[in-house]
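The values are calculated or read from the model by the stated rules, or taken from the named source; none is laboratory data. Predicted, not measured: the structure shown is a model, and the values here were computed from it. For neighbour counting, all protein chains shown are included, and Cβ atoms are generated from backbone atoms with ideal geometry for every residue, glycine included.
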Ligand SMILES: Cc1cc2nc3c(=O)[nH]c(=O)nc-3n(C[C@H](O)[C@H](O)[C@H](O)COP(=O)(O)O)c2cc1C
Ligand code: SF4
Ligand code: FES
């Protein structure tokens, strides 16, 4: 009998290791022969640890399972039990998704290349190996894929620039620095299906003529680091990486590098400096990393999800992928629903679902049961959206039109106990802590911002105008989006929730 | 957990030698030294500078830029509490305040007996099961002050 207990960090944080140990012990005690697989997560985090049992009718789920529940699960013959959820893929949160990038995540043993291939893995790469670099880049361009790391820049155009650049060495750099609050898609795919990222990077290498790649993974993700490291070694042993990719005459190899706890290193030029062993200071653009990137050589810098989506595009074709979505936002997007929400987790769907549907319908509203007050979309540099903007469909241009951004597609839900002045203050504080220090509006402005918000909190209404001016200066005078976008959370909080800034007696304590 | 011991020149030199052939070896060297000794001792800086043919100030400049690297050993257990927005949305700030008060610490401080250091972290990717924390290299979700007390009692050597 095959039993699945996720080894994803979120599942482990909720006790999955203890559950796995209990399952092993209980099976042994009863003399039942089981195969225990530590899969990735299906992404329904409120049901973790989610245990799946393979039956003749498919995989059936139980959750959330505690180690204490395991004996009674076996007593019930791993069938009829109060924690039974039925067939896992019929759970409404899962059934409503369109899983392309995350199709295998939680389904397979993350480090089994055999299972990976049994579920469609490597077919995209095999197709790419038969194509010319030009055709590979055209395929990505026609898929409509835009960078999932935040800026939404068309991936095909970036690859074309690198393909056209002449150099003896080019690089593929995977940005796995995922520092935004409310985001965990990169972590989840690396822990749950790392070969799809490797496959995507190899295809990128074939497309632009790069033979070396780096995955820059943040140190805050020890589980992801362990899985990625193992996956690269397995891929190299199997000839997926190395001098002869899958027995072809093409070379591509990959190395894992670990960050050192600096949010700004998610910014692509700062990341490149960090990889080179320098301070993670942001570089002015131009030159673009596509032309002068790692060690001054042409470099593709792409987000984990951008690269992990490439295999399915090659497997099923650009047109198949492009047919999902809305406007210029093509394909699917893994939306991460987090914070004070009943059904938190990862929901992959075509662009176009409204924010309100995601929060209230898919997410089930707040976990506290109180009314939703605000939703921060796109990480710490994203705007706070009030329920009044819930009709906004999920798409790059659509969010921009509402003064927001989708960033890495994290949604953080707050109930009516949230204090928007404190959250605005936190945004300034975060900017001050994480600033790379290169520009004054960001480095000093954020510190002034904290002080100014404290003045407002003490009842000094005149300081509101000052804060507005300061935000305008930061927006216009900053080199990168850390300083330049901090005004989004601050000003959106002020604009949509003026009452929280109007109190005259409130102490804006840290 | 890495052992906090005073490394010898040879220990450090061996680690540097292991990584010198890499492209951009400085961060991997700093990580490896910190992993081995629990911190990056001052004595390592000139050795790294010499091996990589950069100035000592440059090594220091890089090291001090990143939040991860420490010049002195931390407590025997390092607790990192997430302060970012998704954890705040579920009461993370109150939990953190209580944990700090329990231990009599401010952020980035160590208990006088050297048992516990508490640090701030900005997101662990556990945003759908916050408030989140790490003790050593074990992640914990939906923490409360009481749960942290229990975990620390188990974990503190
Ligand atoms: C302060 C800052 C932090 C960023 N953090 C990340 C990150 O963690 N991951 C990421 O993929 N992109 C991040 N970005 C965006 C990158 O600079 C870059 O746009 C992205 O890696 C390009 O890949 P894509 O086109 O595949 O999205 C950040 C940008 C800024 C300004
Ligand atoms: S805006 Fe801030 S983080 Fe970005 S380059 Fe300027 S100082 Fe550095
Ligand atoms: S915000 Fe705390 S884990 Fe992401």
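Each row is one residue, and each column tells you yes or no for (1) closer than 19 Å to residue A:330 by Cα; (2) more than 16 Å from ligand 3 (Cβ to nearest atom).
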| site | (1), (2) |
| --- | --- |
| A:125 | no, yes |
| A:139 | yes, yes |
| A:151 | yes, yes |
| A:156 | yes, yes |
| A:163 | no, yes |
| A:168 | no, yes |
| A:171 | no, yes |
| A:178 | no, no |
| A:182 | no, no |
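From the list A:482, A:494, A:467, A:423, the lone residue that is in contact with a helix residue (DSSP H, G or I) (Cβ under 8 Å, 6 or more places away or on another chain), without any contact (Cβ under 8 Å) to a residue 60 or more places away in the chain and closer than 22 Å to residue A:402 by Cα is A:467. Just to be sure before I move on: is residue A:363 within 14 Å of chain B (Cβ to nearest Cβ), buried (at least 17 other Cβ atoms within 10 Å of the Cβ) and away from ligand 2 (no atom under 16 Å from the Cβ) in the structure I sent? For residue A:363, the condition - within 14 Å of chain B (Cβ to nearest Cβ), buried (at least 17 other Cβ atoms within 10 Å of the Cβ) and away from ligand 2 (no atom under 16 Å from the Cβ) - is met.
Have a look at A:419, A:454, A:460, A:415 and point out the one that is within 14 Å of chain B (Cβ to nearest Cβ), farther than 28 Å from residue A:187 by Cβ and more than 16 Å from ligand 1 (Cβ to nearest atom).
Values: A:454 fails: within 14 Å of chain B (Cβ to nearest Cβ); A:460 fails: within 14 Å of chain B (Cβ to nearest Cβ); A:415 fails: farther than 28 Å from residue A:187 by Cβ.
Step by step, each of A:419, A:454, A:460, A:415 is checked, and only A:419 is within 14 Å of chain B (Cβ to nearest Cβ), farther than 28 Å from residue A:187 by Cβ and more than 16 Å from ligand 1 (Cβ to nearest atom).
If the Cβ limit is 6 Å and pairs must be 6+ apart or interchain, which residue in the stretch A:293-307 that is within 12 Å of chain B (Cβ to nearest Cβ) and in contact (Cβ under 8 Å) with a residue 60 or more places away in the chain pairs with which residue that is part of a strand (DSSP E or B) and within 16 Å of ligand 3 (Cβ to nearest atom)? Here the result reads A:304/A:176, each pair linking the stretch A:293-307 to a residue that is part of a strand (DSSP E or B) and within 16 Å of ligand 3 (Cβ to nearest atom).
Look at (1) more than 16 Å from ligand 2 (Cβ to nearest atom); (2) farther than 23 Å from residue B:92 by Cβ; (3) touching a helix residue (DSSP H, G or I) at 6+ places or on another chain (Cβ under 9 Å) and you find that residue A:442 fails only one, number (1).
Residues in the stretch A:255-272 that are closer than 15 Å to residue A:438 by Cβ and either in contact with a helix residue (DSSP H, G or I) (Cβ under 8 Å, 6 or more places away or on another chain) or within 9 Å of another protein chain (Cβ to nearest Cβ) (or both): A:262, A:263, A:264, A:265, A:267, A:270, A:271, A:272. Which of the residues belonging to the stretch A:8-49 are assigned to a loop (DSSP other than H, G, I, E, B) and surrounded by 24 or more Cβ atoms within 10 Å (Cβ to Cβ)? If the condition is that a residue be assigned to a loop (DSSP other than H, G, I, E, B) and surrounded by 24 or more Cβ atoms within 10 Å (Cβ to Cβ), then A:8, A:14, A:39, A:40, A:41, A:42, A:43, A:48, A:49 are the ones that fit.
Candidates B:133, B:120: the one that is within 14 Å of the chain's Cα centre (by Cα), more than 16 Å from ligand 2 (Cβ to nearest atom) and under 19 Å from residue A:367 (Cβ atoms) is B:133. Screening the stretch A:91-144 for helices (runs of 4 or more DSSP H) wholly inside it with 1 or more residues that are over 24 Å from residue A:324 (Cα atoms) and assigned by the TED database to the domain that holds residue A:246 returns the ranges A:113-118, A:123-129, A:133-143. Going through (1) more than 16 Å from ligand 3 (Cβ to nearest atom); (2) touching a strand residue (DSSP E or B) at 6+ places or on another chain (Cβ under 7 Å); (3) within 13 Å of another protein chain (Cβ to nearest Cβ); (4) assigned to a loop (DSSP other than H, G, I, E, B) one by one, residue B:74 falls short only on (3).
The set of residues in the stretch B:89-144 that are part of a loop (DSSP other than H, G, I, E, B) and more than 14 Å from every other protein chain (Cβ to nearest Cβ) comprises B:104, B:105, B:109, B:111, B:112, B:113, B:114, B:115.
Listed conditions (1) in contact with a strand residue (DSSP E or B) (Cβ under 7 Å, 6 or more places away or on another chain); (2) under 28 Å from residue A:293 (Cβ atoms) are all met by residue B:34, apart from (1).
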